[in-house]
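Enquirer: Provided herewith is a single structure, encoded as structure tokens, for subsequent inquiry.
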Amino acid sequence: MSTVATERRSVRSGPGDVFQMIRLNEANTRKDLQDITGLSRMTVAQRVDALLAAGLIREAGEGGSTGGRRPSRLEFDVDRSMIAVASVDTTHSRTGLTNLDGTIQVVEDLDIEIGAGPEAVLNELAASFLRLLERTDSSVSDLSGIGVSVPGPVDPHTGRPSQPPIMPGWDDYPIIEHLRKVLPVPVFVENDADAMAYGEQSAVYPNCSALCLVKVSTGIGTGVVIRGSVYHGIDGGAGDIGHIRLAGETALCQCGSRGCLAAVASGRAVAAELASQGVDAHSGRDIRKLVAEGRAETLSLVHEAGRRIGEVMATVISVVNPGVLVISGDLASSALIGGIRETLYPRSLARATRNLDIRLSSLGENAGLIGMARLVVNHLFSADEVNGRLNA
Ligand SMILES: [Zn+2]
């Protein structure tokens with residue numbers, strides 16, 4: 001029997017690997033684990049017992065019927081601890097606590113400008129996390145990790161912002177080390193559009209193997225998820241489309257260049273145009289309110305911003321050929337999506353858009369929190385991490 005077993009499968013089969021199959025719902029009974037790994041019944045039982053003893057998995061009633069006694073169903077214990085998450089944006093931030101499948105337990109909105117600098121913003125986040133723990137009768141020992149998303153490129157090797165155009169004072173700032181001084185748990189940092197794209201893909205479009213998300217708030221950014229993984233590029237610069245130059249445009253951008261997409265089509269650009277018409281608007285958040293109120297001049301400018309974004313997204317779509325393009329951020333609205341469609345389709349080859357679904361975000365303002373929590377869990381509960389923990 002053992003020869004059959006070894007031939008059947010060359011998968012790694014340590015306790016962490018068995019755990020991963022359970023966490024990802026590839027196998028949820030001892031019998032399925034035996035079948036998939038080729039391990040003996042005895043070895044599977046030992047692995048499962050070790051995972052149960054460590055509190056990583058739990059028994060959850062009955063699995064599928066096999067004719068006789070119904071097998072007990074095994075699942076990742078998503079309530080064993082929590083993740084503290086934050087989406088940092090230009091004029092506000094949202095914090096939250098989630099369980100280990102990214103389900104949000106509680107959130108808090110903070111009015112703080114990113115321009116206040118990393119120390120002030122991160123101290124606010126840490127204080128908010130402590131308040132949320134108190135609100136849920138929990139303590140730091142209930143946290144497995146922290147995830148923070150920021151509106152700029154993040155160096156994937158250091159977790160530090162990498163020359164972020166709209167985050168003055170944050171370049172190369174040690175976010176991880178700063179937060180760990182207050183909350184001594186593992187900390188992870190991601191670009192906001194990347195975290196949002198991962199949230200949408202993993203929670204809403206799990207079968208989509210290529211998804212793009214464009215976030216249009218005060219700034220503009222794109223996140224790309226390929227085969228279930230965020231695509232960062234070599235230095236975390238992938239998807240930073242806000243500073244692609246548009247031919248014929250000369251508006252000055254925050255990055256110092258002229259004619260960037262963000263200088264003509266971001267929430268900041270729309271707000272500046274409205275302000276010149278006497279409307280009280282400064283940020284993407286202000287535009288969100290005006291759109292919700294159905295203000296005609298705002299809707300018209302947001303539609304025009306969508307047209308400019310569609311021009312650039314046509315190129316992105318041609319490179320990535322995604323199945324889903326999610327439109328998110330403060331300006332996400334039918335006016336924006338209408339504008340994007342108007343320029344994206346005529347400028348793309350039919351093959352690139354034949355199976356393209358352009359949708360407004362389903363998770364809205366929580367996309368970043370959910371995506372960030374799930375990314376943190378992927379890091380902390382990988383097969384290697386769990387093998388290391390159980391073999392230690
Ligand atoms: Zn720029």
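Enquirer: Report yes if some residue within region 125-139 is modelled with pLDDT of 95 or more and in contact with a Phe, Trp or Tyr (Cβ under 9 Å, 6 or more places away or on another chain); otherwise report no. Working first, answer last.
Expert: Of region 125-139, the ones modelled with pLDDT of 95 or more are 125-139.
Then drop every residue that is not in contact with a Phe, Trp or Tyr (Cβ under 9 Å, 6 or more places away or on another chain), which leaves none.
The answer is no; no qualifying residue exists.
Enquirer: Ok, one more. Can you pull out the residues in region 262-286 that are within 22 Å of THR343 (Cα to Cα) and open to solvent by 60 Å² or more (accessible area, probe 1.4 Å)?
Expert: ARG268, GLU273
Enquirer: Looking at region 231-248, is at least one residue among the β-branched types (Val, Ile, Thr), surrounded by fewer than 24 Cβ atoms within 10 Å (Cβ to Cβ) and touching a Gly at 6+ places or on another chain (Cβ under 8 Å)? Give the steps one after another, and end with the answer.
Expert: Filtering region 231-248 down to residues among the β-branched types (Val, Ile, Thr) leaves 234, 241, 244.
Right, trim to surrounded by fewer than 24 Cβ atoms within 10 Å (Cβ to Cβ) and you get 234, 241, 244.
After this cut, where a residue has to be touching a Gly at 6+ places or on another chain (Cβ under 8 Å) as well, the list is 241.
Within region 231-248, one or more residues are among the β-branched types (Val, Ile, Thr), surrounded by fewer than 24 Cβ atoms within 10 Å (Cβ to Cβ) and touching a Gly at 6+ places or on another chain (Cβ under 8 Å).
Enquirer: If the requirement is being within 16 Å of the ligand (Cβ to nearest atom) and either more than 15 Å from the chain's Cα centre (by Cα) or of a type outside the set (Phe, Trp, Tyr) (or both), which of these qualifies: ALA195, ALA247, ALA203, ALA238?
Expert: None of the other options fit; the residue is ALA247.
Enquirer: Tally up the residues in region 41-62 that are touching a Lys or Arg at 6+ places or on another chain (Cβ under 9 Å), open to solvent by less than 40 Å² (accessible area, probe 1.4 Å) and either of a type in the set (D, E, K, R) or assigned to a helix (DSSP H, G or I) (or both), please.
Expert: Final tally of qualifying residues: 3.
Enquirer: Which one of these is in a helix (DSSP H, G or I) and among the aliphatic types (A, V, I, L, M): LEU100, LEU133?
Expert: Numbers: LEU100 fails: in a helix (DSSP H, G or I).
Only one candidate passes the filter, namely LEU133.
Enquirer: Which of the following residues is in contact with a Gly (Cβ under 8 Å, 6 or more places away or on another chain) and crowded, with 22+ Cβ neighbours inside 10 Å: GLY338, GLY310? Explain how you work it out, then say what you get.
Expert: Numbers: GLY338 fails: crowded, with 22+ Cβ neighbours inside 10 Å.
Testing whether each residue is in contact with a Gly (Cβ under 8 Å, 6 or more places away or on another chain) and crowded, with 22+ Cβ neighbours inside 10 Å leaves just GLY310.
Enquirer: Return the residue satisfying two criteria in turn: it lies in region 91-108 and is open to solvent by 10 Å² or more (accessible area, probe 1.4 Å) and of a type in the set (Ser, Thr, Tyr), and of such residues it is nearest to PRO164 (Cα to Cα). Steps first, please.
Expert: Going through region 91-108, the residues open to solvent by 10 Å² or more (accessible area, probe 1.4 Å) turn out to be 91-92, 94, 99, 101, 103-108.
This time we only want the ones that are of a type in the set (Ser, Thr, Tyr), so: 91, 103.
Values: THR91: 15, THR103: 30 Å.
Out of the qualifying residues, it is THR91.
Enquirer: If you go through region 159-192, how many residues are under 26 Å from ILE220 (Cβ atoms), more than 19 Å from the chain's Cα centre (by Cα) and open to solvent by 30 Å² or more (accessible area, probe 1.4 Å)?
Expert: Within region 159-192, residues that are under 26 Å from ILE220 (Cβ atoms), more than 19 Å from the chain's Cα centre (by Cα) and open to solvent by 30 Å² or more (accessible area, probe 1.4 Å) number 7.
Enquirer: Take SER144 and decide whether it is assigned to a strand (DSSP E or B) and under 27 Å from ASP79 (Cα atoms). Outline the logic, then answer.
Expert: Working: assigned to a strand (DSSP E or B): yes; under 27 Å from ASP79 (Cα atoms): yes.
So SER144 fits the description; yes.
The values are calculated or read from the model by the stated rules, or taken from the named source; none is laboratory data. What you see is a predicted model; the values in this text were computed from it and never measured. For neighbour counting, all protein chains shown are included, and Cβ atoms are generated from backbone atoms with ideal geometry for every residue, glycine included. These accessible areas exclude ligands, DNA and RNA; they are computed on the full protein's heavy atoms, side chains included. Shrake-Rupley method; radii C 1.70, N 1.55, O 1.52, S 1.80 Å.
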